[in-house]
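The values are calculated or read from the model by the stated rules, or taken from the named source; none is laboratory data. None of the values given here were measured: they were computed from a predicted structure. All Cβ positions, even for glycine, are placed from backbone atoms using ideal geometry, and neighbour counts span all protein chains on display.
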Amino acid sequence: MKDNRLSDANFWVILLGLALLLTSAIWNPATSASGEQFQKPQGPVILNENVNVIGSIIHLGDLFDGVGDKASVAVAYAPEPGKRAFFDVNWLYRVAQQHKLAWKPLSLRQRSVVERGSIVIGSEEIKDHILAALVEKGIGAEFSIELNNNMLRLHLPSDSSATMAVQDITFNPNTRRFAANIVAPVDSPGSTRTRVTGKIFRMLEIPVLNRRLAGGEIIRNQDIKWIEIRSKQTGRNVITNETDLVGMSAKRGLRMGVPIRISEVGHPVLVVKGSLVVMTLIMPQMRLTSQGKAMENGIDGDTIRVLNTQSNKVVQATVTSSGQVRVIPISHIAMN
């Protein structure tokens, strides 16, 4: 009889345990009536109005914050590298509804602008590659290139290599025009071909001033820098040799970085008309000096007239340096 009571007690304990387990399963707040698991609340869903992406796909998490594990869901293709795409409020709302996001637009003007990052290859790098390809065809390296589209830039995907190659290049020596295809990035299934055309020009290196000079200033070595210009822009009157500039005097104000013409410079005036000079007369075993007044301008080596301020006589003298002249003896004048 006692054993039967113990058996009945054990039965009811087991039955009560099963009932508690069943109740717990039914009322588990993480389980719905259909048996599906509820997601934990992720906080408010917020639209990102300015988005930067790297790859070729736009994901839900790029456009919205607070979407939880749906962030990796693909929703659209990204624009080309370096370009932008605009998504209006109607499209954004449809995407939010499709993926059951608790988001509503604040106004009909809301939108999201998606820009795809890129590696930029500028026109200067493109020209360098084209010139290298032309040099391989026998064109001299002293040429420069001008593209018909001088603002050309290549935008490559950010996750690619910044490489390019010049293919199918042609050159007309009569017109000096070229055409080529630029392939970038190299050896990539997503590479693009861009048609490039332009012209080459022979370049010449010339000396110019590295600062502004006033009229009358003497040009020194430290005043000169070198620039490259097209050879057709020089003309016959442009100075192309440094020795033709150093020691010369600017006849008028000269600008920096601008080609200098022969007519714009001259030998410096060492003796100015009306200025006082030191006159020197050199004779065998005799050297005399006196003060004089220049009656005309003179550069180095010029023969000018000088008034002797002591005797009030005009003599001829050779300019030797600034404010210095050497009197020509009368015997030499007679011989001449």
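Please go through (1) of a type in the set (A, V, I, L, M, F, W, C); (2) closer than 30 Å to Thr234 by Cβ; (3) part of a strand (DSSP E or B) for Ile182 and return the number of the only condition it doesn't satisfy.
(2)
Determine which member of the set His155, His129 is surrounded by 17 or more Cβ atoms within 10 Å (Cβ to Cβ), farther than 30 Å from Ile206 by Cα and under 22 Å from the mean Cα position of the chain (by Cα).
Matching residue, one of His155, His129: His155.
Grab the strands (runs of 3 or more DSSP E) fully contained in the range 223-303, keeping just those with 1 or more residues being outside the structural domain of Phe143 (by TED's automatic domain parsing) and loosely packed, with under 15 Cβ neighbours inside 10 Å.
Result: 224-230, 276-283, 286-294.
Got a number for residues in the range 181-206 being of a type outside the set (A, V, I, L, M, F, W, C) and closer than 25 Å to Ile139 by Cα?
Within the range 181-206, residues that are of a type outside the set (A, V, I, L, M, F, W, C) and closer than 25 Å to Ile139 by Cα number 9.
Could you give me the residue pairs with C-beta distances under 6 Å whose first residue belongs to the range 110-121 and is in contact (Cβ under 8 Å) with a residue 60 or more places away in the chain and closer than 11 Å to Asp62 by Cα, whose second residue is among the aromatic types (Phe, Trp, Tyr) and assigned to a strand (DSSP E or B) wherever it lies, and which are 6+ apart or on separate chains?
Listed by first residue and then by second, the contacts come to Ser112/Phe87; Val113/Phe86.
Run down Gly138, Gly68 and say which single residue is small (Gly, Ala, Ser), surrounded by fewer than 12 Cβ atoms within 10 Å (Cβ to Cβ) and not assigned by TED's automatic domain parsing to the domain that holds Arg230.
Gly138
Which one of these does His59 not meet: (1) of a type outside the set (A, V, I, L, M); (2) exposed (fewer than 12 other Cβ atoms within 10 Å of the Cβ); (3) at pLDDT 95 or above?
It is condition (2) that His59 fails.
Please specify each residue of the range 140-196 satisfying the condition of being of a type outside the set (A, V, I, L, M) and in contact with a Phe, Trp or Tyr (Cβ under 7 Å, 6 or more places away or on another chain).
Phe143, Ser144, Glu146, Thr170, Phe171, Phe178
Within the range 166-196, can you find the residues that are farther than 18 Å from Ile121 by Cα and either outside the structural domain of Met151 (by TED's automatic domain parsing) or aliphatic (A, V, I, L, M) (or both)?
Within the range 166-196, Ile169, Ala179 qualify.
Tally up the residues in the range 125-149 that are part of a strand (DSSP E or B) and within 23 Å of Ser160 (Cα to Cα), please.
0
Quickly run through the range 193-251 and pick out the residues that are touching a residue at least 60 places away in the same chain (Cβ under 8 Å) and β-branched (Val, Ile, Thr).
Val196, Ile200
So for the range 204-216 (the condition being in contact with a Ser or Thr (Cβ under 7 Å, 6 or more places away or on another chain), surrounded by fewer than 14 Cβ atoms within 10 Å (Cβ to Cβ), of a type outside the set (Val, Ile, Thr) and under 17 Å from Leu134 (Cβ atoms)), does at least one residue qualify?
No, the range 204-216 contains no residue that is in contact with a Ser or Thr (Cβ under 7 Å, 6 or more places away or on another chain), surrounded by fewer than 14 Cβ atoms within 10 Å (Cβ to Cβ), of a type outside the set (Val, Ile, Thr) and under 17 Å from Leu134 (Cβ atoms).
May I ask you to say which residue of Glu124, Glu142, Glu136 is acidic (Asp, Glu) and touching a residue at least 12 places away in the same chain (Cβ under 8 Å)?
None of the other options fit; the residue is Glu142.
Just checking, how many residues over the range 112-171 are touching a helix residue (DSSP H, G or I) at 6+ places or on another chain (Cβ under 9 Å) and under 30 Å from Asn90 (Cβ atoms)?
2
For the range 78-116, give me the residue count where each residue is within 30 Å of Pro185 (Cβ to Cβ) and either surrounded by fewer than 12 Cβ atoms within 10 Å (Cβ to Cβ) or of a type in the set (Val, Ile, Thr) (or both).
Counting residues in the range 78-116 that are within 30 Å of Pro185 (Cβ to Cβ) and either surrounded by fewer than 12 Cβ atoms within 10 Å (Cβ to Cβ) or of a type in the set (Val, Ile, Thr) (or both) gives 3.
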